[in-house]
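Q: Encoded as structure tokens, here's the structure I'll be asking about.
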Amino acid sequence: MTTRQNSSVLFIMGVSGSGKTHIGQLLAKALDISFIDADDYHSQSSIDKMSTGIPLTDADRYPWLDRLHQIAQRHLDIGCVIACSALKASYRQRLSTDISQKVSWIYLKGDFDIIYTRMQHRKDHFMGAEMLKSQFDTMEEPEDALVVNIEDSAEAIVSTIKNKLNMKAEIGVIGMGVMGKSLSRNLARNGFSIALYNRHVDGLEEDVAANFKSAHSELVSALAFDDLESFVESLASPRKILLMVNAGAAVDAVIQSLIDYLDPEDIILDAGNSHYLETNRRLQMLESKGIYFIGTGVSGGEKGALLGPSIMPSGVYEAYQKVEQYLTTIAAKDSNQEPCCTYVGRQGSGHFVKMIHNGIEYAEMQLLAECYAILKNQGMTNPQMADTMEAWKPDCDSYLLGITIDILRKKEAGSYLLDQVLDQAANKGTGKWATSTVADSGEAATMIPTALFARYLSAFKTKRQEAEALFTSNKQSNSISTSVLRDAYQFARIINHHQGFSLIDSVSAEHDWNVNLSEIARIWSEGCIIKSDLIKQLVNTFKQGGSIMFNTPWSTTLSQGYASIQSVVIESVQSQLHTPCLSEALSYFNGMKIGSGSANLIQAQRDYFGAHTYKRIDDPKGKSHHSDWTTTTD
Ligand code: 6PG
């Protein structure tokens with residue numbers, strides 16, 4: 001039991017009808033400990049007696065109390081909640097003999113009339129309501145119990161009990177930004193006791209955690225702080241602290257300020273979009289102090305974090321096990337109701353896969369933007385484009401397709417809002433990191449860099465306008481059918497996912513992370529921004545092994561979609577459209593399916609000017625050769 005300070009056995013007592021069982025069950029669930037209903041341990045003769053309305057004598061009760069005492073003793077280490085009427089002081093003494101230091105009493109107190117009315121509505125209890133009066137007469141109210149009024153709601157009673165017993169919070173959240181707030185509410189809604197912290201900045205960030213707590217009913221029992229030491233003090237050991245601060249220097253600054261207050265075995269989780277190499281560094285630094293560090297990707301935006309995100313944790317497995325229940329409980333659930341959260345691997349592998357998730361996200365978004373450009377160029381209105389994309393859903397549904405349709409339909413004051421949005425795409429850095437990683441990895445994952453550079457190009461608005469005026473030419477509209485465009489779009493998405501997952505596989509092998517691609521596809525099947533029908537199907541593809549492009553049904557879809565992507569790219573070029581990701585998907589595919597390419601010339605050029613050597617196809621030993629390219633022999 002991690003949440004109590006002193007006691008490990010909680011006896012919840014009161015007369016029949018006071019709600020001992022219900023409240024006890026809820027309390028046990030909230031504390032993640034066992035629930036024991038004392039009524040289940042009466043002897044048959046006592047049950048028979050009670051059901052015929054004969055009150056039990058002390059002699060009837062003693063063996064029952066002794067049995068419960070033994071059960072309490074067995075639960076001292078792991079904790080439990082025992083619902084037991086325990087009306088007399090002597091019964092309570094018997095129940096807590098030799099273990100009173102480890103026992104707490106919670107007395108559910110209520111008026112006779114209220115409880116009597118409740119009892120009259122109970123059908124399945126072996127004790128009739130008429131017994132109630134004798135229970136009230138017998139009751140010797142405890143002096144050392146936490147007394148709780150039963151008139152509150154069950155949830156409020158549980159929360160009062162937890163607070164009054166001075167229970168420590170199970171998990172703390174630092175950073176009350178959009179994602180920190182949503183994850184906190186998600187944790188609280190799922191019954192975890194939480195502590196919230198947001199720094200104090202005069203005039204700028206004042207009482208942020210306290211104000212947030214009071215704005216949401218599910219946070220009624222959350223503890224709110226703007227003093228870091230008190231926040232850390234409020235957490236049960238080993239402490240579990242979820243950082244939801246901006247990636248980069250802020251993460252290091254918070255870790256530094258936390259270190260002095262932490263003990264070995266405490267766990268810090270960084271759930272922001274941190275760079276995986278930074279996560280590796282932080283993990284090593286904290287490891288040297290005996291503190292665990294879990295870098296975890298979290299995807300789903302504000303709504304996902306609140307209702308169920310996709311979660312990608314990594315680090316030392318033993319540390320993950322200690323936080324697993326929190327992460328899996330708040331995560332989205334897949335189609336089999338399994339949590340969209342899995343242990344990704346060692347080091348910063350969780351942040352690595354999140355970074356590639358974002359890279360795939362960039363390319364998926366860019367592909368939709370290119371389809372939008374093509375359809376717009378055909379003269380379609382926004383709602384016509386939305387209807388067109390709606391019709392694509394049976395073949396290529398995804399969260400991003402869905403939001404694109406919503407965006408196309410959104411009107412503000414009678415006009416389409418999208419038409420008022422400036423065409424300069426921003427980014428927060430994960431696409432840039434993913435692009436650098438592509439370059440470092442030696443993988444030809446070209447779609448991510450292409451999507452990133454399309455965003456970069458969009459930023460040059462003034463230059464683009466200048467160039468448009470300078471290079472004026474007759475633009476023509478294209479005549480691509482919507483089904484051909486849909487097939488080209490799906491073709492490019494398959495290439496995008498093929499590249500992204502191959503990149504994960506390759507970097508995982510390099511770091512010996514053993515990332516399970518099928519599991520990654522599974523946890524991306526719900527909760528995250530790139531969730532889609534395609535991702536759902538990839539769960540099985542990766543179970544069979546191999547990569548997307550070389551496996552059915554994807555190889556068949558690529559073969560069938562090839563003519564479509566060719567005509568879309570040709571028409572887009574002729575229409576002078578900027579469709580780099582569609583073009584790149586085709587280009588990559590063409591490059592990959594050329595068994596004998598033109599890189600022999602590159603090698604010859606390198607050897608010519610730099611004596612970099614080359615390999616010969618007529619030398620099966622694979623030796624390096626160098627030639628004088630200026631002289632020729634016959
Ligand atoms: C997610 C998103 C999320 C965020 C991106 C935005 O999975 O929930 O990817 O992490 O939306 O970081 O990234 P850009 O600002 O770089 O587009």
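The values are calculated or read from the model by the stated rules, or taken from the named source; none is laboratory data. What you see is a predicted model; the values in this text were computed from it and never measured. Neighbour counts are summed over all protein chains in view; Cβ atoms, including those assigned to glycine, are modelled from backbone coordinates with ideal geometry. The area values use the complete protein model at the heavy-atom level, side chains included, leaving out ligands, DNA and RNA. Shrake-Rupley method; radii C 1.70, N 1.55, O 1.52, S 1.80 Å.
Q: Would you kindly identify the helices (runs of 4 or more DSSP H) lying entirely within segment 296-387 that contain at least 2 residues that are within 12 Å of the ligand (Cβ to nearest atom), touching a residue at least 40 places away in the same chain (Cβ under 8 Å) and farther than 17 Å from L485 by Cα?
A: By residue number, 301-307, 349-377.
Q: When the residues of segment 32-65 are narrowed to those that are exposed (fewer than 14 other Cβ atoms within 10 Å of the Cβ) and of a type in the set (D, E, K, R), which ends up modelled with the highest pLDDT?
A: D40
Q: I'd like to verify a number: residues in segment 525-548 that are open to solvent by 20 Å² or more (accessible area, probe 1.4 Å), away from the ligand (no atom under 16 Å from the Cβ) and either in contact with a His (Cβ under 7 Å, 6 or more places away or on another chain) or closer than 17 Å to M447 by Cβ (or both), how many?
A: Within segment 525-548, residues that are open to solvent by 20 Å² or more (accessible area, probe 1.4 Å), away from the ligand (no atom under 16 Å from the Cβ) and either in contact with a His (Cβ under 7 Å, 6 or more places away or on another chain) or closer than 17 Å to M447 by Cβ (or both) number 1.
Q: Sticking with this one: Hey, could you check segment 427-469 for residues that are open to solvent by 90 Å² or more (accessible area, probe 1.4 Å), part of a helix (DSSP H, G or I) and within 21 Å of A373 (Cβ to Cβ) and say which is nearest to the ligand (Cβ to nearest atom)?
A: F453
Q: Give me the pairs: first residue in segment 241-256 and closer than 17 Å to Y276 by Cβ, second residue among the hydrophobic types (A, V, I, L, M, F, W, C) and part of a loop (DSSP other than H, G, I, E, B), beta-carbon distance under 7 Å, and six or more apart or on different chains, which are they?
A: If the second residue must be among the hydrophobic types (A, V, I, L, M, F, W, C) and part of a loop (DSSP other than H, G, I, E, B), the pairs left are L243/A271; V251/V245.
Q: Additional query: Restricted to segment 477-488, and to residues that are farther than 18 Å from T552 by Cα and not aliphatic (A, V, I, L, M), which residue is surrounded by the most Cβ atoms within 10 Å (Cβ to Cβ)?
A: So the residue we want is R486.
Q: Scan segment 411-421 and give yes if some residue there is within 15 Å of the ligand (Cβ to nearest atom), assigned to a loop (DSSP other than H, G, I, E, B) and either touching a strand residue (DSSP E or B) at 6+ places or on another chain (Cβ under 8 Å) or without any contact (Cβ under 8 Å) to a residue 40 or more places away in the chain (or both), otherwise no.
A: yes
Q: Determine whether R455 is of a type outside the set (G, A, S) and within 27 Å of the chain's Cα centre (by Cα).
A: Yes.
Q: So I161 clears everything in (1) buried (at least 22 other Cβ atoms within 10 Å of the Cβ); (2) under 29 Å from G304 (Cα atoms) except one condition, right? Which one?
A: So I161 meets the others, but not (2).
Q: Counting only residues that are more than 13 Å from the chain's Cα centre (by Cα) and farther than 30 Å from L408 by Cβ, how many does segment 340-370 have?
A: The qualifying residues number 6.
Q: Would you tally the residues in segment 603-634 being free of Cβ contacts under 8 Å to residues at least 24 places away in the same chain, open to solvent by 90 Å² or more (accessible area, probe 1.4 Å) and among the hydrophobic types (A, V, I, L, M, F, W, C)?
A: 2
Here's the yes/no breakdown for (1) open to solvent by 40 Å² or more (accessible area, probe 1.4 Å); (2) under 22 Å from G379 (Cα atoms):
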residue	(1), (2)
G561	no, no
I565	no, yes
T579	no, yes
Y588	no, no
G591	yes, no
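Let's see how each residue does on (1) at pLDDT 95 or above; (2) among the aromatic types (F, W, Y); (3) more than 22 Å from P313 (Cα to Cα); (4) within 16 Å of the ligand (Cβ to nearest atom):
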| residue | (1), (2), (3), (4) |
| --- | --- |
| S182 | yes, no, no, yes |
| V208 | yes, no, yes, no |
| S221 | no, no, yes, no |
| A224 | no, no, yes, no |
| S257 | yes, no, yes, no |
| I267 | yes, no, no, no |
| E278 | yes, no, no, yes |
| M285 | yes, no, no, no |
| S288 | yes, no, no, no |
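Q: Being in contact with a strand residue (DSSP E or B) (Cβ under 6 Å, 6 or more places away or on another chain), open to solvent by 10 Å² or more (accessible area, probe 1.4 Å) and modelled with pLDDT of 95 or more is the requirement here; does Y261 meet it?
A: So Y261 fails the test.
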